[in-house]
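Asker: Structure provided below as structure tokens; questions to follow.
The values are calculated or read from the model by the stated rules, or taken from the named source; none is laboratory data. All of these numbers come straight from a predicted model, not from anything done at the bench. Please note that ligands, DNA and RNA were not included when accessible areas were found on the heavy atoms of the full protein model with its side chains. Shrake-Rupley method; radii C 1.70, N 1.55, O 1.52, S 1.80 Å.
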Amino acid sequence: METWKWLALAAVAGLLAAWLLLAPPVEDVATIPAITPSVPQVVEAFSEEDVTFSHGEITLAGTLTLPTQDAPHPAVILISGSGPQNRDSEIPELVPGYRPFRWIAEHLSTRGVAVLRYDDRGFGSSTGEFGTAATVDFSYDAEAALDYLLSRDDIDSSSIGLLGHSEGAL
């Protein structure tokens, strides 16, 4: 198993151990609440468009989530962290069904903010090679996303932000 997977597993195990050690004793096992994953409800107060944009020979594929309110909209570009990820920032081998970028996009779009998220180069429907790319290459991808939003009439060009995690926040 790759080192980062072991580290993630160790972090989860550490949190579980801390919870077990710090939780107050339970007299009756039946009183322990069931732990179920929370999946946000999809609200139909937005629309989604499959989009592509490019720079050089790289074509990036993504999803633009648009609010139903009148345009132009403020917008956010979601930028993934290290490791190849799809536009939803999903890593199925590690946490199946966990799609934080999709949930962020849906949440913001129901509140009037357009959100662009895209597959990393060489992953999903985007072209290029992920393995040979450096941080500067990923910054060009984010710049291409910004240029794409600036070309749209339904986006407020004075209100575009970037939201990244891990390497995507550099």
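Asker: Quick one: accessible surface of V51, probe radius 1.4 Å, all protein chains present, in square angstrom to the nearest 10.
Answerer: Accessible surface of V51 is approximately 10 Å².
Asker: How long is the gain from E48 to V136 if the chain were fully straight, where each residue apart is worth 0.36 nm and the alpha carbon distance is subtracted?
Answerer: 28.8 nm is the gain from fully extending E48 to V136.
Asker: Let me ask something else about it. How big is D for region 82-170, in µm² s⁻¹ as a whole number, if Stokes-Einstein is applied with the Kirkwood radius of its Cα pairs at 20 °C and 1.002 mPa s?
Answerer: On the way: Rh = 14.1 Å.
Rounded to a whole number, D works out at 152 µm²/s.
Asker: If you plug each phi of region 140-156 into the Karplus form 6.51 cos²θ - 1.76 cosθ + 1.60 with θ = phi - 60°, what whole-Hz ³J(HN,Hα) values come out, in order, with x for Gly and Pro?
Answerer: 5, 5, 5, 5, 5, 5, 4, 4, 4, 5, 5, 7, 9, 6, 8, 10, 6
Asker: Quick one: check the C-alpha center-to-center distance for region 144-167 versus region 59-114, whole angstrom.
Answerer: 12
Asker: Could you sort T65, T52 by accessible area so the largest value comes first, with the probe set to 1.4 Å?
Answerer: Highest to lowest solvent-accessible surface, that is T52, T65.
Asker: Ordering S89, S157 by how much accessible area each has at a 1.4 Å probe, largest first, what is the list? Could the numbers behind the result be given before it?
Answerer: Numbers: S89 10, S157 75 Å².
Result of the area sort, largest leading: S157, S89.
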